[in-house]
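Values quoted throughout were computed directly from the atomic coordinates according to the rules given, and no laboratory measurement underlies them. It should be emphasised that the depicted structure is a prediction, and the values quoted were computed from it without experimental measurement. With ideal geometry, Cβ positions are generated from the backbone for all residues, glycine too; neighbour counts draw on all protein chains shown.
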Amino acid sequence: MIAGIAFYIFSAVMILSALLVIAARNPVHSVLFLILAFFNAAALFVLLGAEFLAMILVVVYVGAVAVLFLFVVMMLDVDFTALKKGALQYLPLGGLVGLVFLAELCVVLTGAVFPGTATVPHATPEGAISNTRAIGAVLYTDYFFYFQLAGMVLLVAMIGAIVLTLRSRPGVRRQSIARQVARRPADSMALVDVKPGENGERGA
């Protein structure tokens, strides 16, 4: 019974989030709704007993969406000052989304405290190797080099996206660690011999 209720809740939130991804005018809001859809899809995988797929969906896709969020912000130059002006009008919507997250967490924690109430029966029989352990053993033994190569490709793609969107702004003071380390006391202070009465004459 609880598994069915959890399925309908996660499915409804995921469908609504997917619709808001294409309906939202602000690209930042679209990315946030996409992240919400991914989390609900991961929750559905957990209900099906495919916890490894749920973990991959959260780690890979949500992590990639975070990079996409950075890429969109750097490319479109979103004015956060203008966005903060109308932040209070989105407070009820934010509270509603927070309540939805809280309800979903309660459902997940209920399934963790009472095994079998919010999850379907395990696909693996008693004493057998779980799917997460089996897939991990295959990935880190037979396909270890391919797995590391895929990670390097994703790392290069992320660095390339950051380099392509990096803009140089004139007039911005940047930190120079080499100059700070090589700095001497004579470069930062000067000893001045002030004669008696000279300071008063300058002030007058």
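As an exercise, use a Förster radius of 41 Å and the Cβ-Cβ distance of Leu105 and Gln175 to find the FRET efficiency, rounded to the nearest 0.05.
Numbers: r = 41 Å, r/R0 = 1.00.
For Leu105 and Gln175, the calculated efficiency is 0.50.
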The base-10 log of I(q)/I(0) that the Debye equation returns for segment 125-184 at q = 0.17 Å⁻¹, one scatterer per C-alpha, is -0.80
Plugging the Cβ-Cβ distance of Ala182 and Ala157 into 1/(1 + (r/R0)^6) at R0 = 35 Å yields, to the nearest 0.05, a FRET efficiency of 0.45
Taking 0.36 nm per residue of separation between Val59 and Ile129 and subtracting their Cα-Cα distance, the length gained on full extension comes to 22.9 nm
In whole Hz, the Karplus estimates of ³J(HN,Hα) for segment 148-156 (6.51, -1.76, 1.60; θ = phi - 60°; x where Gly or Pro) are 5, 5, 5, x, 5, 5, 5, 5, 5
